[in-house]
Amino acid sequence: MKEEIDGGGWYRMGQLIPRMGYFDQAEELYNELLENSSDDSERANVYNLLGWVKRDQGQYKEAVLFYGKSLEIYQKPLPDDHLSLGTMCSNIGQVLLRELGYYAAALKVLQNAYQIQEKTFQEGNQAFASTFSWYGSVYRDLKEYLKALDYFEKCLTIVRKTLPENHPDFGLTYSNIGDIHHLMSGYEKALAFHHKALNIQENIKRNPLKCATTYTN
């Protein structure tokens with residue numbers, strides 16, 4: 001290995017190390033990069049990586065803190081509708097929802113991400129599908145099932161227009177819709193959607209555990 005690696009090289013190494021499971025070493029490298037960097041863009045990237053590592057370590061509040069620092073730096077030079085800001089908002093929203101259960105906060109940052117997507121993409125762009133799915137997940141956890149169903153169906157509409165029929169996102173979306181119908185006591189509809197999800201999962205040889213979960217549903 002070369003004795004000296006440029007900033008881009010260090011950043012690429014910083015992405016690789018946590019994927020190998022060396023979280024402590026990655027954090028040590030990131031902190032060193034922060035101490036030696038005077039470039040705001042590089043610092044924002046490193047804070048984003050620290051958020052990623054903390055998330056993988058299960059330290060979710062710290063992950064949100066680092067993601068927030070990255071977002072704060074990005075917000076200074078970038079216009080409010082820049083896609084990078086939308087990505088950062090989405091990262092924060094996912095941690096707030098999935099790991100911490102902070103639903104109101106998750107909805108707020110997801111709304112920011114959605115507004116940026118509206119300014120960046122044409123209506124029906126595949127990027128909206130993920131955001132609608134996250135909205136559906138929030139409202140499902142809040143037991144607002146009609147809202148959840150509406151967002152999952154919006155997600156399905158986009159998936160149908162933008163992805164091949166055997167794409168994994170079909171299976172996930174069908175499963176989500178089936179969950180909502182089950183929670184609303186619509187058992188026949190729930191069964192139909194879960195069968196659709198299972199067919200896709202089996203056809204594309206998805207993770208057996210995922211298929212087992214669908215069988216259970």
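Just so you know, all these numbers are worked out from the coordinates, no wet-lab data involved. All values reported here derive from a predicted model rather than from experimental measurement. All Cβ positions, even for glycine, are placed from backbone atoms using ideal geometry, and neighbour counts span all protein chains on display.
Couple of notes before you dig in:
- For Tyr135, net neighbour charge (Lys/Arg +1, Asp/Glu -1) across residues whose Cβ lies under 10 Å away: +2
- Cα gyration tensor, the stretch 110-194 - rounded (a/c under 1.5), prolate or oblate: oblate
- Ordering of 165-178, 182-195 by packing [mean C-beta count within 10 Å, highest first]: 165-178, 182-195
- Greater than 20 Å apart at Cα, pairs in Lys108/Lys143; Lys69/Lys147; Lys54/Lys143; Lys143/Lys189; Lys69/Lys143; Lys54/Lys147: Lys69/Lys147; Lys54/Lys143; Lys69/Lys143; Lys54/Lys147
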